[in-house]
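The values are calculated or read from the model by the stated rules, or taken from the named source; none is laboratory data. All values reported here derive from a predicted model rather than from experimental measurement. Virtual Cβ from ideal backbone geometry, glycine too; neighbours counted across all protein chains shown. Remember, those area values only see protein heavy atoms, side chains included, never the ligands or the DNA or RNA. Shrake-Rupley method; radii C 1.70, N 1.55, O 1.52, S 1.80 Å.
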Amino acid sequence: SDGFDGDFISGEISDLSMSNIGGDGLDISGSNIELVDSDFEYIGDKAISIGEKSIITGRSVRISHVGSGIVSKDGSSGTFTDVQVNDFDVAALMSYIKKPQYGSAKLDIKTQTGTLTGLCQHGNLLSINGQVLATIDLDVKRMYSDGPMLKVGR
C-alpha cells in the first residue's frame with residue numbers, strides 16, 4: 001500500500017523519511033503541498049505521485065531504489081529544486097495523462113547533482129534544469145494494464 005495518501009489536502013510536509021513501501025511513497029490528489037527535506041528509498045511504485053490537479057513544490061528531495069521517482073499526471077504541476085533520483089526501474093521523472101478529464105501535467109526539476117532523465121508523454125511538459133525534454137508516444141493504458149506500472153496482485 002501507499003506510505004501517505006493525501007486527497008484534497010494542503011500544507012507543508014517536512015523532514016519526511018519513507019522506506020520499504022510496497023506502493024507509492026507520497027501519493028497526492030487534488031492537493032496543494034510543499035515538500036521540504038525528504039528521503040524516499042525502497043519504494044515499490046512511485047516515490048512521489050502527483051495527480052488529479054495537484055500542485056506541489058519541493059526542495060531537498062532524495063530518492064533511491066524505486067519503481068519511478070517523481071511522477072506528475074492528470075492536470076498536476078510539480079516544481080522541485082535540489083532533487084536526487086538514483087536506482088529506479090521505470091524512470092526517474094515522468095509526466096503524462098492517465099485520466100483524460102484532468103488534462104496535461106507539468107513537472108519542472110532543478111538539480112545540481114548527477115544527470116536526471118525522464119519520460120514525457122505528448123501534450124505534457126517535463127523540464128530538467130531549464131531544458132524541456134522531447135515528448136514521446138507513451139502508451140499509458142498499457143503501462144498500467146500489463147506494463148511496468150502494473151500493481152502486483154491486481
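Here are the numbers:
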| item | result |
| --- | --- |
| Any hit, the stretch 64-72, residues being free of Cβ contacts under 8 Å to residues at least 60 places away in the same chain and more than 23 Å from residue 121 (Cβ to Cβ) | yes |
| Segments classed as strands (runs of 3 or more DSSP E), wholly inside the stretch 1-96, with at least 2 members that are touching a Ser or Thr at 6+ places or on another chain (Cβ under 6 Å) and open to solvent by 60 Å² or more (accessible area, probe 1.4 Å) | 32-51, 55-73, 77-96 |
| Residue 137, sole failed condition from (1) surrounded by fewer than 12 Cβ atoms within 10 Å (Cβ to Cβ); (2) within 25 Å of residue 32 (Cα to Cα); (3) of a type in the set (D, E, K, R) | (2) |
| Long-range neighbours under 6 Å by Cβ, at least six apart or interchain, first residue under 16 Å from residue 92 (Cα atoms) within the stretch 121-135, second modelled with pLDDT of 95 or more and open to solvent by 80 Å² or more (accessible area, probe 1.4 Å) | 125/106; 135/122 |
| Unique match (being under 15 Å from the mean Cα position of the chain (by Cα) and under 25 Å from residue 104 (Cβ atoms)) among 44, 51, 3 | 51 |
| Positions within the stretch 103-120 being open to solvent by 20 Å² or more (accessible area, probe 1.4 Å), at pLDDT 95 or above and not in a strand (DSSP E or B), in sequence order | 103, 104 |
| Candidates 74, 45, 2 - the one that is in contact with a Phe, Trp or Tyr (Cβ under 6 Å, 6 or more places away or on another chain), among the acidic types (Asp, Glu) and within 21 Å of residue 144 (Cα to Cα) | 74 |
